[in-house]
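Okay, so here's the structure we're looking at.
The values are calculated or read from the model by the stated rules, or taken from the named source; none is laboratory data. All values derive from a computational prediction rather than experimental measurement. Cβ placement follows ideal geometry from the backbone for every residue including glycine, while neighbour counts extend to all protein chains displayed. The accessibility values were calculated without ligands, DNA or RNA, using every heavy atom of the protein model including side chains. Shrake-Rupley method; radii C 1.70, N 1.55, O 1.52, S 1.80 Å.
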Amino acid sequence: MFVLLQKVLPKKTLSALFGIGSRLHLGPLSSLIIRLYIYVYKVDMSDAKIKDPSAYPTFNHFFTRELASNARPQPSDQCKVTSPVDGTISQSGDIKSEILIQAKGKQYSLKNLLGDDKLAALFLNGTYHTIYLAPYNYHRIHMPSDGKARFLRYTPGYLFSVNKNTVNNINNLFCVNERASIIYESDSGFFALVMVGALNVGSFEIYTHLQSGFINRPKHNFKPDTLHSLQGEKFIRGTELGRFNMGSTVILLTARNFASWGEFDTHEKSISVGAELGGTINL
């Protein structure tokens, strides 16, 4: 029923209103809302830099909260590929030709996801990890490996939910939802992070690597459906690079020879920033 309802709901309007509401300074009411949210979704505040819910002036400040400095240590082996976000791996595996798995019985193409032949060619026969960020997760995004930002492409679209039920029932969901793809180059090849927007998640930011940070709300500052070349310094694995202003999905893509991978046995596995994804970079 919810999937059908989403097809007729004014998703962008609802998401915009939610975004405005989440940024209002409501004093004690903001604190009450945050405490209720923590209770309902069982949010673990033990790893947050600011643990007191009443210390957050707005709901969005709470939702995009910073972690304590020692909360997500990176592995000592610099050749390991790590998770860019806290979340649950919904799918992972090899990109066979240009096909990725959205859910059982549902596929989508690399070209449709990235929206550009040049970008898609970088990841043919590579690998992918799709990581869903639930409402209770930490919502900042970090580098899964060392690299320099080379390309960015912003694609407007719908804002369907990306929860499991919707992913299982709407074809090409990640290709029709709003998203931003940022492609990095390392000594071992290319990798990419595709940030997919969703219902009540119309806003996301990238503020590392770019001379002027990327935003898409309230007004985008990068021309949509355009491949933007980037030049920047190298950033190390674990560097914070952006955030969702509500939860959603990140798809990590790696080029064919970027890393050596074991079995993709991580389906439906909860994972945190800095946790090993099972790949070892090929130097």
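Where helices (runs of 4 or more DSSP H) sit wholly within segment 1-107, those with at least 2 residues that are more than 30 Å from F174 (Cα to Cα) and at pLDDT 90 or above occupy 28-41.
I need the full set of residues from segment 232-259 which are assigned to a strand (DSSP E or B) and either over 14 Å from R179 (Cα atoms) or modelled with pLDDT under 90 (or both), in order please. Step through it out loud before you land on a result.
Looking only at segment 232-259, we keep the residues that are assigned to a strand (DSSP E or B), and these are 235, 240-244, 249-254, 259.
Of everything in segment 232-259, those that are assigned to a strand (DSSP E or B) and either over 14 Å from R179 (Cα atoms) or modelled with pLDDT under 90 (or both) turn out to be F235, E240, L241, G242, R243, F244, L253, T254, A259.
Can you tell me which residue is most open to solvent (accessible area, probe 1.4 Å) among those in segment 151-207 that are at pLDDT below 90 and acidic (D, E)? So, considering only residues that are at pLDDT below 90 and acidic (D, E), the one most open to solvent (accessible area, probe 1.4 Å) is E205. Per the conditions (1) over 17 Å from N112 (Cα atoms); (2) open to solvent by 20 Å² or more (accessible area, probe 1.4 Å); (3) out of contact with any strand residue (DSSP E or B) (no Cβ under 6 Å at 6 or more places or on another chain); (4) of a type outside the set (S, T, N, Q), the sole criterion not satisfied by A134 is (2). The number of residues in segment 61-79 that are in contact (Cβ under 8 Å) with a residue 60 or more places away in the chain, open to solvent by 20 Å² or more (accessible area, probe 1.4 Å) and among the polar types (S, T, N, Q) comes to 2.
The number of residues in segment 112-121 that are under 13 Å from V194 (Cβ atoms) and not in a loop (DSSP other than H, G, I, E, B) comes to 5. For segment 260-275, filtered to residues that are open to solvent by less than 90 Å² (accessible area, probe 1.4 Å) and outside any loop (DSSP other than H, G, I, E, B), the residue that is nearest to L67 (Cα to Cα) is I271.
Being surrounded by 21 or more Cβ atoms within 10 Å (Cβ to Cβ), among the hydroxyl-bearing types (S, T, Y) and closer than 17 Å to G189 by Cβ is a description that applies to T254.
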